[in-house]
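Enquirer: A single structure is presented below for examination.
The values are calculated or read from the model by the stated rules, or taken from the named source; none is laboratory data. The structure displayed is predicted, hence computed values, not measured ones. Here Cβ is always computed from backbone atoms with ideal geometry, including for glycine, and neighbour counts include all displayed protein chains.
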Amino acid sequence: MRFAIISIGTELNLGLILNTNSKYIAESLAELGLECNYMFTVRDNECDIIDVVNEGLKRSDILILSGGLGPTDDDITRDAVARALNLKLVKDLTLDDTSLRFTKRIQNSELVEKLKQGLLRQSFIPEGALPIKPRIGSAAGFIVKLNKEKENKWKENKWLFSIPGVPKEMKSMFDFDVLPYLKNILNSIKESKRECGSEQDLFIKKTEILTTDISESETELKIKDIKVMAKNLNVEIGITATPGLIKLILISKSHDLSVGDKNLSLIEGKIRDVMGDYVYGAGISSMGDNLKDVIDKKDRKITISAAESITGGLISSIITDTPGSSNYFLGSIISYSDFAKSKILGVDKNLINEKGAVSSEVCLNMALGVKNIFNSDFAVSVTGIAGPDSPEKNKQVGLVYCAVVGPNNYQELFEKNFIGSRTEIKFRTAQFILNRLRVAVKRL
């Protein structure tokens, strides 16, 4: 079955907010074996919404609309859907309580009466639609089943789901109402096909491999032969690039779920082998999450600390974004100035004057200094030039030194030349050194 997503909101079309709803819906339905064939984004205009709904129904079996169900004048989704389907808008009395739920908190009765008219718009749905009561917020959703026999337009039945656009409201209604409904539809269809002896729909499975400190073109070159193998196994490999993070997306399609899982695991293993230490995780996990994983797998307690110059606390932030990091992260020194490097970390002033604050020698001494202060097993340090200008003569923007020190005099020192904006260089630096720390702990 094919499905399309329609995101409704002028703020989306103007680029004022990021459309995370489509991503969430598409990823969730892919887990059910459904593939999104179209994504539409449309402004708050009734005629435009009608056009897109009609187009979506031509091209897809399932249509999921997100947005435009609130109480304000620009919330016109229910009106547009009703017109597109040639249905009347009717008041569903069961929705009145949810539409007015927030007025119960307001003590001013005059204000409540003024609000009611707008809020009660949320109680109207297309005639014959199934209402969806919200668990969060006051905007109700609805489901419309379009029967092939009744409509006499399509070869198969079609379904339209309309849910709120506010992300937390959307996720709640999608997870608790839309997904279970769709699962029942799919189970019913598959059962019907088994009875008729027809071929089962394709199962879609996906995974994401996360890498850092490697370019998109280098990645493509490394997995060139694997892509040929993957194609023969009906596994697609996609590559998406952002500063400091290359994501490989693997999608398996198979008529047999176990075969699809096996093919996906095989290709993932091959990619991990050729990519080596560039791979730091999978799915939606962060660098901090994967650092925690390797530390937790050790048979003894491991502690870490950090000395940050160029990143200004970003390394510590990434580490502490992961719950449980207090068990191993002892602390950090943001040694942004030469004063902090010498007075707090104990880096020799003469060394800073001779080599410069951005140098391999100073970087290594920063790591040794912070390791000594916190008495940690491992310590990392970074110093560099984030730009847009370089404060040190003959040293270019993007020059970064990174160090990892650990037990038994373990030392690693790196000179990197990162590209990008100031923010991107800082993130690349944090990603790189935390990955090197992860590898060092793993090998201990």
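Enquirer: Would it be correct to say that Ile352 is crowded, with 17+ Cβ neighbours inside 10 Å, of a type in the set (Val, Ile, Thr) and part of a helix (DSSP H, G or I)? Show your work before the answer.
Expert: Values: crowded, with 17+ Cβ neighbours inside 10 Å: yes; of a type in the set (Val, Ile, Thr): yes; part of a helix (DSSP H, G or I): yes.
So Ile352 fits the description; yes.
Enquirer: Can you find a residue in the stretch 218-234 that is surrounded by fewer than 15 Cβ atoms within 10 Å (Cβ to Cβ) and either part of a strand (DSSP E or B) or small (Gly, Ala, Ser) (or both)?
Expert: No, that holds for no residue.
Enquirer: Could you check Asn394 against (1) at pLDDT 95 or above; (2) loosely packed, with under 14 Cβ neighbours inside 10 Å and say which number it fails?
Expert: (1)
Enquirer: Quick one: what pairs do we get from the stretch 364-376, first residue assigned by TED's automatic domain parsing to the domain that holds Ser316, second assigned to a helix (DSSP H, G or I), C-beta under 7 Å, 6+ apart or different chains?
Expert: Asn365/Leu351; Met366/Lys341
Enquirer: Now, a different point. Inside the stretch 79-106, can you point out the residues that are basic (Lys, Arg) and modelled with pLDDT of 95 or more? I'd like the intermediate steps shown before the answer.
Expert: Within the stretch 79-106, the first condition is being basic (Lys, Arg), and the residues that meet it are 83, 88, 91, 101, 104-105.
The answer is Arg83, Lys88.
Enquirer: Still on this model: Could you please let me know if Gly244 is surrounded by fewer than 18 Cβ atoms within 10 Å (Cβ to Cβ) and under 24 Å from the mean Cα position of the chain (by Cα)?
Expert: On the way: surrounded by fewer than 18 Cβ atoms within 10 Å (Cβ to Cβ): no; under 24 Å from the mean Cα position of the chain (by Cα): yes.
For Gly244, the condition - surrounded by fewer than 18 Cβ atoms within 10 Å (Cβ to Cβ) and under 24 Å from the mean Cα position of the chain (by Cα) - is not met.
Enquirer: Against the conditions (1) more than 30 Å from Val228 (Cβ to Cβ); (2) in a loop (DSSP other than H, G, I, E, B), where does Ile284 fall short? Just the number, please.
Expert: (1)
Enquirer: How many of the residues in the stretch 378-432 are in a loop (DSSP other than H, G, I, E, B), hydroxyl-bearing (Ser, Thr, Tyr) and touching a residue at least 12 places away in the same chain (Cβ under 8 Å)? It would help to see each step written out before you state the result.
Expert: Within the stretch 378-432, the first condition is being in a loop (DSSP other than H, G, I, E, B), and the residues that meet it are 385-398, 407-409, 418-421.
The next check asks that each one be hydroxyl-bearing (Ser, Thr, Tyr); those that pass are 390, 421.
Applying the additional criterion that residues be touching a residue at least 12 places away in the same chain (Cβ under 8 Å) yields 421.
Residues that pass the stated criteria total 1.
Enquirer: For the stretch 258-287, name all the residues that are of a type in the set (A, V, I, L, M) and surrounded by 14 or more Cβ atoms within 10 Å (Cβ to Cβ). Give the steps one after another, and end with the answer.
Expert: Taking the stretch 258-287 first, the residues of a type in the set (A, V, I, L, M) are 259, 264, 266-267, 271, 274-275, 279, 282, 284, 287.
Selection gives Val259, Leu264, Leu266, Ile267, Ile271, Val274, Met275, Val279, Ala282, Met287.
Enquirer: Hey, another quick one. For the stretch 342-363, how many residues are under 21 Å from Lys416 (Cα atoms) and without any contact (Cβ under 8 Å) to a residue 40 or more places away in the chain? I'd like the intermediate steps shown before the answer.
Expert: Within the stretch 342-363, the subset under 21 Å from Lys416 (Cα atoms) is 351-352, 354-363.
In the following step, the residues that additionally are without any contact (Cβ under 8 Å) to a residue 40 or more places away in the chain were identified as 351-352, 354-356, 361-362.
Result for the stretch 342-363: 7.
Enquirer: Another question, then. Any residue in the stretch 389-397 that is within 19 Å of Gly346 (Cα to Cα), assigned by TED's automatic domain parsing to the domain that holds Phe329 and touching a helix residue (DSSP H, G or I) at 6+ places or on another chain (Cβ under 9 Å)? Don't jump to the end; show me each part of the working.
Expert: Start the filter on the stretch 389-397 by keeping residues that are within 19 Å of Gly346 (Cα to Cα), which leaves none.
Within the stretch 389-397 (the criterion being within 19 Å of Gly346 (Cα to Cα), assigned by TED's automatic domain parsing to the domain that holds Phe329 and touching a helix residue (DSSP H, G or I) at 6+ places or on another chain (Cβ under 9 Å)), the answer is no, since none of the residues qualifies.
Enquirer: Given (1) in a loop (DSSP other than H, G, I, E, B); (2) among the acidic types (Asp, Glu); (3) free of Cβ contacts under 8 Å to residues at least 12 places away in the same chain, where does Asp74 come up short, assuming only one miss?
Expert: Just one mismatch for Asp74, condition (3).
Enquirer: Out of everything in the stretch 420-444 that is of a type in the set (A, V, I, L, M) and at pLDDT 95 or above, what residue ends up being surrounded by the fewest Cβ atoms within 10 Å (Cβ to Cβ)? Lay out the reasoning, then the answer.
Expert: Of the residues in the stretch 420-444, the ones of a type in the set (A, V, I, L, M) are 425, 430, 433-434, 437, 439-441, 444.
Filter once more, so that each one left must be at pLDDT 95 or above: 425, 430, 433-434, 437, 439-441.
Details: Ile425: 26, Ala430: 29, Ile433: 28, Leu434: 26, Leu437: 25, Val439: 17, Ala440: 20, Val441: 21.
Going through the qualifying residues, I end up with Val439.
Matching residues to (1) assigned to a helix (DSSP H, G or I); (2) not assigned by TED's automatic domain parsing to the domain that holds Ser381:
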{"residue": "Ile246", "(1), (2)": "no, yes"}
{"residue": "Val259", "(1), (2)": "yes, yes"}
{"residue": "Lys262", "(1), (2)": "yes, yes"}
{"residue": "Ser265", "(1), (2)": "yes, yes"}
{"residue": "Lys298", "(1), (2)": "no, no"}
{"residue": "Thr311", "(1), (2)": "no, no"}
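Enquirer: Would you confirm whether any residue within the stretch 296-314 is closer than 30 Å to Ala230 by Cα and within 25 Å of the chain's Cα centre (by Cα)?
Expert: We begin by selecting, within the stretch 296-314, every residue closer than 30 Å to Ala230 by Cα; these are none.
No, because not a single residue in the stretch 296-314 is closer than 30 Å to Ala230 by Cα and within 25 Å of the chain's Cα centre (by Cα).
Enquirer: Could you run through the stretch 215-263 and say how many residues are more than 25 Å from Asn435 (Cα to Cα) and among the aliphatic types (A, V, I, L, M)? Let's see the steps before the verdict.
Expert: Quick first cut of the stretch 215-263, residues more than 25 Å from Asn435 (Cα to Cα) only: 225, 227-236, 251-263.
Subsequent filtering for residues that are among the aliphatic types (A, V, I, L, M) retains 228-230, 233, 235, 251, 257, 259.
Of the residues in that region, 8 qualify.
Enquirer: How about the stretch 25-44: which of its residues are assigned to a helix (DSSP H, G or I), touching a strand residue (DSSP E or B) at 6+ places or on another chain (Cβ under 9 Å) and farther than 15 Å from Trp159 by Cβ?
Expert: Initially, the stretch 25-44 is screened for residues assigned to a helix (DSSP H, G or I), giving 25-30.
Now restrict to residues that are touching a strand residue (DSSP E or B) at 6+ places or on another chain (Cβ under 9 Å): 25-27, 29-30.
Within the stretch 25-44, Ala26, Glu27, Ala30 qualify.
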